[in-house]
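So the structure is just underneath, and the comments pick up after that.
The values are calculated or read from the model by the stated rules, or taken from the named source; none is laboratory data. If you're wondering where the values come from, they're calculated on a predicted model, not measured in any experiment. Note that each Cβ is placed from the backbone with ideal geometry, even for glycine, and that neighbours are counted across all protein chains shown. For the accessible areas, the whole protein counts, side chains as well, though only heavy atoms, and no ligand, DNA or RNA atoms are used. Shrake-Rupley method; radii C 1.70, N 1.55, O 1.52, S 1.80 Å.
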Amino acid sequence: MSTFASSRSFLRHVDLSTLDLFILTCQSGSIARAAAQGQLVASAVSKRIAELESLAQTPLLQRHARGVRPTAAGELLLRHAHAILQEVEDLRADLSEYARGVRGVVRLSANASAVEQFLPEDIAAFMKEHPDIRIDLRQATSRRVAQAVRDGEADLGICSPSDEAGGLESLSYRRERMVLVMPRSHPLAEHQQLAYEQALDHAQIGLRDSSIIQETLSRAAQSGRRMLRQRIEVDSLSAMCRMIECDLGVGVMPEGAYQSVGRPRQLHAVPLTDTWAERTLNLYAVSFAEVSVAARRFVASISQ
C-alpha cells in the first residue's frame, strides 16, 4: 500500500491551472470541450488530469460514452478546487487594489441604525485622512453583523448587543435614542414624549427578520399583555418612513435615523420614555489586536 504524499509534497505538486482544467472538464462533461475552452489540445488536458489522479491515488473522472463525469473523489476535489480558485481570484483582486494605489481594505458590516445615522460622516472623515484605504461596507441586521464578524466575513461589525455577539471583543461606538415616528396629523403627534404602550392601539410598521428593535417591541407588547398590531414589515428604515408617510401606521426608529430619512418626508417624531429606548451601538471584532493595519486605523478614527 503506497504512502500518500506529505502536505508539503502535495502542495508542490498541485497546479492551479490543472485545477482550473479539472473544473472545466467537469462543467463541460468532456475533455475535448475543456481543452477547447482552455485553448489546449485534448491530449494535454488528459495528461494533466492523469497526473492529478496519480497524485490523488484514486480515479477522479468516470469515462462513459458521452464524455466524463466526476467520481465521488472527483466531486470532493471539485468543491475544493472551486474554493481554492476563488481564494486566488480574491488575492488577485486585493493585489490589484494595491496596484491602483489602495493600501488596504476594511471589511465592515453594520446594522441599519449605524448606517443611517453615524457611519457616512465617520467614513467620510476617515477616508479624507486615509484616501488609500477602501471601506467595503455591508448592511445587515444586528445578529447577522455579529455572525459575519465571527465567521470572518467582516473584519469589524457595528450593531446593537445581541446573543450572537457573545465572545467577541467590543468597544462602545455611539448611543442612540428611540423615537415613535408618525404623520404630523396623527393623534399621538400632540405629545411631547410617550411610553411605547400608548402606541399599541395604533397600526405598526415593523422591520423584517431578526431586528433587535423589532424583538424589543414584541417583548414590550407582551409584558403589557397587549397585541402588537403590525400591519407591514419592511427591510429598511427608509422604507418604514415611506409607509408611515402614506399613513399606514407608526414606527419606532433611532432619532438620528429619523433626522436623516424621516424629517425630509415631513413626518413627526416623539421621544419614547421606556428604559430600552436608550441603547448603545458597539464596535465588534474577533480580536482588535489581530485585525489588519487598515482596520486598526479605522477603529482608532471612529473610537475617538
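Note on the range 171-300: with charges restricted to the Cβ of Lys and Arg (+1) and Asp and Glu (-1), its dipole about the Cα centre is near 200 debye. Note on surface exposure: T3, T280 rank T3, T280 by accessible area, highest first, 1.4 Å probe.
Once you charge only the Cβ atoms, +1 for Lys and Arg and -1 for Asp and Glu, what is the size of the charge dipole of the chain about its Cα centre, to the nearest 20 debye?
Value, rounded to 20: 660 debye.
Only one residue of P59, Q193, L119 has its Cα farthest out toward the positive end of the dipole of the chain, where Lys and Arg carry +1 and Asp and Glu -1 on Cβ, and that residue is P59. Only protein heavy atoms count here; under a 1.4 Å probe, D163 has an accessible surface of about 130 Å².
Both the radius of gyration and Dmax for the chain are 27.1, 85 Å, in that order, over alpha-carbon atoms. Comparing mean-square fluctuations of E190, E53, E169 from a GNM of the chain with C-alpha springs under 10 Å, the top value falls on E53. Kindly identify the range 11-142 as rounded, prolate or oblate by the Cα gyration tensor criterion: order the square roots of the eigenvalues as a ≥ b ≥ c, call it rounded if a/c is under 1.5, otherwise compare a/b with b/c, prolate if a/b is larger, else oblate. Judged from the Cα gyration tensor, the range 11-142 comes out prolate (a/c at least 1.5, a/b above b/c).
Hey, what did the range 87-205 get for relative contact order, percent, Cα under 8 Å, at least 6 apart? If you can, show how the numbers build up before the last one.
Numbers: 113 pairs, mean separation 27.8, N = 119.
Reported relative contact order: 23 percent.
Between the residues A93, A165, M178, the greatest Cα displacement towards the positive end of the dipole of the range 85-199, with unit charges on the Cβ of Lys, Arg, Asp and Glu, is found for M178. Accessible surface of H191, taken over heavy atoms with a 1.4 Å probe and every protein chain present, rounds to 60 Å². R144 contributes an accessible area of around 100 Å² to the protein surface, as traced by a 1.4 Å probe with all chains present.
The sum of -39500 (n - 2.57) across all DSSP H runs of n ≥ 4, divided by the residue count of the chain, sets its helix-only mean residue ellipticity at 222 nm to -13000 deg cm²/dmol. When the Gaussian network model of the chain links Cα atoms closer than 10 Å, the mean-square fluctuations of G157, G67, G206 top out at G67. From the square roots a ≥ b ≥ c of the eigenvalues of the alpha-carbon gyration tensor of the range 112-195, which class results: rounded (a/c under 1.5), prolate (a/b over b/c), or oblate? Note, shape of the range 112-195 comes out oblate.
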